[in-house]
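Single-structure report; data block below.
Every read-out reported here was derived from the displayed coordinates using simple, explicitly stated rules and does not represent laboratory data. What you are looking at is a predicted structure, and each value in this text was computed from that prediction instead of being measured. Note: ideal-geometry Cβ built from the backbone for every residue, glycine included; neighbour counts use all protein chains shown.
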Amino acid sequence: RNRRMATLSQGERQTVLILRALMTQPELLILDEPTSGLDLFARESLLAMLDELAKEKPEVTQLMVTHHTEEIIPLYQKICLLKDGEIFAKGDRPLMLDPDRLHDFYGQPVLLRPFKKGRILVMPK
């Protein structure tokens, strides 16, 4: 609270930026790679905060951009897969996080593994 932004860790900075954005009482919160540059524990802390935020402020729609499926927390029920700047597929979470669809998306076979708290890890087969 009494520290300058420059003295905060990357995870603390991300949290402050999100909280600052919430001060304007937005209807939509756009999160573009919010965990980029964070270590494992800071990433998990930030994702837990976003999950809690959704419960406390359901009126704030969250739109998150990520390259890592294991960061897609269960509250994100609609997924849009972008490839080469185009919408490859969009729809409900179970349909998008499907091995056949992701094989087509990546052009290679993939394995899906349960990760943490309803999240999915996608790995090369």
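Check which residues have an amide H placed less than 5 Å from LEU75's amide H, if you skip close sequence neighbours.
For LEU75, no residues qualify.
State the three equivalent ellipsoid semi-axes of region 48-100, derived from the C-alpha gyration tensor as the square roots of 5 times its eigenvalues, in descending order and whole Å.
Working through the eigenvalues yields semi-axes of 22, 12, 10 Å.
Provide, in order from the shortest bin, the percent of all Cα-Cα pairs of the chain in each 10 Å bin, continuing until the bin that contains the maximum pair distance.
With a bin width of 10 Å, the distribution comes to 11, 40, 33, 13, 3, 0.
Which value in deg cm²/dmol, rounded to the nearest 500, describes the helix-derived mean residue ellipticity at 222 nm for the chain, given -39,500 (n - 2.57) per DSSP H run of n ≥ 4 and division by the residue count? Mind showing how you got there, number by number?
Details: 4 runs with 42 residues, N = 125.
Calculated mean residue ellipticity at 222 nm is -10000 deg cm²/dmol.
So which trypsin sites (Lys or Arg not before Pro) in region 1-93 are both in a DSSP loop and have at most 14 other Cβ atoms within 10 Å of their Cβ?
Within region 1-93, the qualifying trypsin sites (Lys or Arg not before Pro) (loop, at most 14 other Cβ atoms within 10 Å) are ARG1, ARG3, ARG4.
So what are the three principal axis dimensions of region 1-65 from its Cα atoms, in whole Å, longest to shortest?
32, 25, 18
Cross-link list LYS57/LYS125; LYS78/LYS117; LYS55/LYS125; LYS90/LYS116: which exceed 29 angstrom alpha carbon to alpha carbon?
Over 29 Å Cα-Cα: LYS57/LYS125; LYS55/LYS125.
Could you size up the charge dipole of region 1-122 around its Cα centre, putting +1 on the beta carbon of Lys and Arg and -1 on that of Asp and Glu, and report it in debye to the nearest 20? Numbers along the way, then the final one.
Numbers: 17 positive and 18 negative charges, 95 e Å.
Here the size comes out at about 460 debye.
Pull up all non-local amide H partners of LEU121: gap of 5 or more, or a different chain, and H-to-H distance under 5 Å with H placed in the peptide plane.
Amide H neighbours of LEU121: ARG113, PHE115.
Looking at the chain as a GNM with Cα springs under 10 Å, which of ASP84, ASP51, ASP104 has the largest mean-square fluctuation?
Comparing ASP84, ASP51, ASP104 in a Gaussian network model of the chain, the most mobile one is ASP84.
Scan the chain and report its longest stretch carrying no GluC sites (Glu not before Pro) that are both in a DSSP loop and have at most 14 other Cβ atoms within 10 Å. If you can, show how the numbers build up before the last one.
Details: sites that count: GLU27, GLU59.
Here the longest segment lacking exposed loop sites spans 60-125.
With a/c under 1.5 counting as rounded, go ahead and sort region 68-125 into rounded, prolate or oblate using the C-alpha gyration tensor (a ≥ b ≥ c being the square roots of the eigenvalues; past the cut-off, prolate if a/b is larger than b/c, else oblate).
Oblate, because a/c is 1.5 or more while a/b does not exceed b/c.
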